[in-house]
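Visitor: Before we start, here is the structure in question, set down as structure tokens.
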Amino acid sequence: MARPSPLEIYTLLDKSNCKDCGRDTCMAFATDILERKVKVQDCTHLMQEPKQAKNREKLITLVTPPQRPVTIGVGERTCVIGGEEILMRHQLTFYNETAIFIEIADDDPDLEETAKYLTDLKVERIGDVLQVNGIALRCVSGEMEQFKLAAKKLSEASSLPIMLTCLNPEILLSAAEEIKTKKPLLYALTKENWEQIGKFAVENSLPVVAVSSNLDELMSLSATLQKLGVKELVLDAGTFFGPGKLAVTYDNIMQLRTAAIDKENKNAGWPVMGVPAAYWSQTKIGDDKELWLAQYQELIMGAIMESIDTNLIVLHTGQKKEEIWALLALMTLRQSVFSDPRVYPAVDPGLYEIGEPNDMSPVFVTSNYRLTKIPVEIDIKGANLNAYLLVVDSEGIGIESAVAGGQFNAGAIAEAVKEFKVFDKVKHRILIIPGMAARLSGALEDEADAFVVVGPRDSSGIGKYVKEQWKPEEFMKQYEDMKE
Ligand code: SF4
């Protein structure tokens, strides 16, 4: 889809520059719409003035991405999936990362405890908080009352969005009725039950998943549901394991995404989901070794799906605390796949205080590459040190490359020492540079009038280094001797 230009958007705005939307001009608002920092609905003029109705509709059509977004859940943990306008991340950026939903069986005696664990699960990694996005409640009991009760308990125990998973429409809708104010995602709508589930979804403004392994049938279901009035739809063409089946699963997802984004096919223009957890129903699990292999198979499928921007995946592995390794792997991969390629991975240069440093605390020097500065900071904190971290402008490049390329050099470090008044904060004149920048030490001593010591090559060694080698008095004596 050709991206509209800010000017095309601007021509449909009121052009009064009234500032009601918090922007100084309508043109700034137009630019922010493109960046999804504001919505059409934020322009009071477009929304409130009847004579603007036509422009409003035109603008909504103009800025709606070819793959429409779908919202699941309510409140702070609301999850938005889809809404993408490109096939490959490097073409622009992906806006919504793959949502990870973990399944829990409705007869699981630990349902509430597991739900609480998943809700609170947070992993901080290089400045981002990684979390799961929802819970898929699976009807294993086959009992209406059991499924309803489990849905109720789950919605009370967790603020995470819920996906209700049941192949029996009566049971599915009875649980959906119970928690419909939480905006659950309904799974699964098929060619057999589309009318019953579709009508319920329309009446209650709920998102639904249309399921068929036949793509023509899936498109036909999508067309029928849109005609019925369904406003939020997710497509599932099935997740298949075994020889040759992985390729089918992959192709189906890519075909749906291509049809939506490149061909602007309205029936395909919805988020696509996959169920790596399906492995468990497609194989027999035996001893512990097989269990581990099964988890591994599931994880590989999840990783493949994330890497091709599948909008939502459902996992079985990960619901127990001891299975955190599986979530760490997928959440870390997801963080990389969905980072914005337009955002330069740099942090602001400056003198950062870690803990409560005093005038004899060590001063570590590093580059302003985000993936260098944040791990160094975490390692200093992890070692329970009170220290200063001098972050030098290396044009956002990591230490090793910046030393080789000349962006991290003695002059730049000395400049930063002066600019951020490092030696006003401490009584000593010692700088600890990374091991990978050892060759700068001589020049830096001259440029910054400092005593330079070479720290570990890897910041994970900082704790040990300080314990064994940080001797400020001795270093200062050497500095004084050097000056004489
Ligand atoms: S509220 Fe609408 S009319 Fe006013 S400045 Fe923003 S975009 Fe322009």
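Visitor: Going through the cross-link list K425/K483; K39/K320; K266/K321; K284/K320; K39/K180; K321/K425, which pairs have a Cα-Cα distance over 32 Å in this structure? Spell out each step's value before the answer.
Guide: Values: K425/K483 21 Å; K39/K320 39 Å; K266/K321 41 Å; K284/K320 20 Å; K39/K180 26 Å; K321/K425 44 Å.
Pairs exceeding 32 Å: K39/K320; K266/K321; K321/K425.
Visitor: Could I ask something else about it? Could you run the Debye sum over the Cα atoms of region 69-337, one equal point scatterer each and no solvent, and tell me log10 of I(q)/I(0) at q = 0.13 Å⁻¹, two decimals?
Guide: -0.81
Visitor: On to the next question. What's the magnitude of the charge dipole for region 95-206 around its Cα centre, counting Lys and Arg as +1 and Asp and Glu as -1 at the beta-carbon? Answer in Debye, nearest 20.
Guide: My answer is approximately 360 debye.
Visitor: Over region 26-166, what per residue volume does the convex hull of the Cα atoms give, in whole Å³?
Guide: 167
Visitor: Please give the charge dipole size of region 350-483, origin at the Cα centre, charges +1 on K and R Cβ atoms and -1 on D and E Cβ atoms. Round to the nearest 20 debye.
Guide: Result for region 350-483 is approximately 280 debye, rounded to the nearest 20.
Visitor: Going through the cross-link list K381/K427; K191/K231; K15/K227, which pairs have a Cα-Cα distance over 29 Å in this structure?
Guide: Beyond 29 Å: K15/K227.
Visitor: Cross-link candidates for K58: which aspartates and glutamates have Cα within less than 12 Å, leaving aside residues fewer than 8 places away along the same chain?
Guide: E8
Visitor: Please rank D359, D42, D393, fewest neighbouring Cβ atoms within 10 Å first, as an exposure proxy.
Guide: By the 10 Å Cβ count, ascending, the order reads D359, D42, D393.
Visitor: Let me ask something else. So which cysteines in the chain don't have a second cysteine's C-beta under 4.7 Å from them?
Guide: So, C18, C21, C26, C43, C79.
Visitor: So, in Å, what gap is there between the alpha-carbon centers of region 125-148 and region 425-464?
Guide: What the calculation gives is 49 Å, centre to centre.
Visitor: Taking K19 as the anchor, which aspartates and glutamates have their alpha carbon closer than 14 Å to its alpha carbon, excluding any fewer than eight residues away along the same chain?
Guide: The qualifying aspartates and glutamates are D32, D42.
Visitor: Might you report the magnitude of the Cβ-based charge dipole of region 69-337 about its Cα centre, with Lys and Arg at +1 and Asp and Glu at -1, to the nearest 20 debye? Intermediate values should be presented prior to the final figure.
Guide: Working: 25 positive and 38 negative charges, 108 e Å.
The dipole of region 69-337 has a size of about 520 debye.
Taken together, the values in this text are just the output of simple stated rules run on the coordinates, not laboratory data. Note that this is a predicted model, so its numbers are computed, not measured. Here the Cβ is made from the backbone with ideal geometry for all residues, glycine too, and neighbour counts use every protein chain on show.
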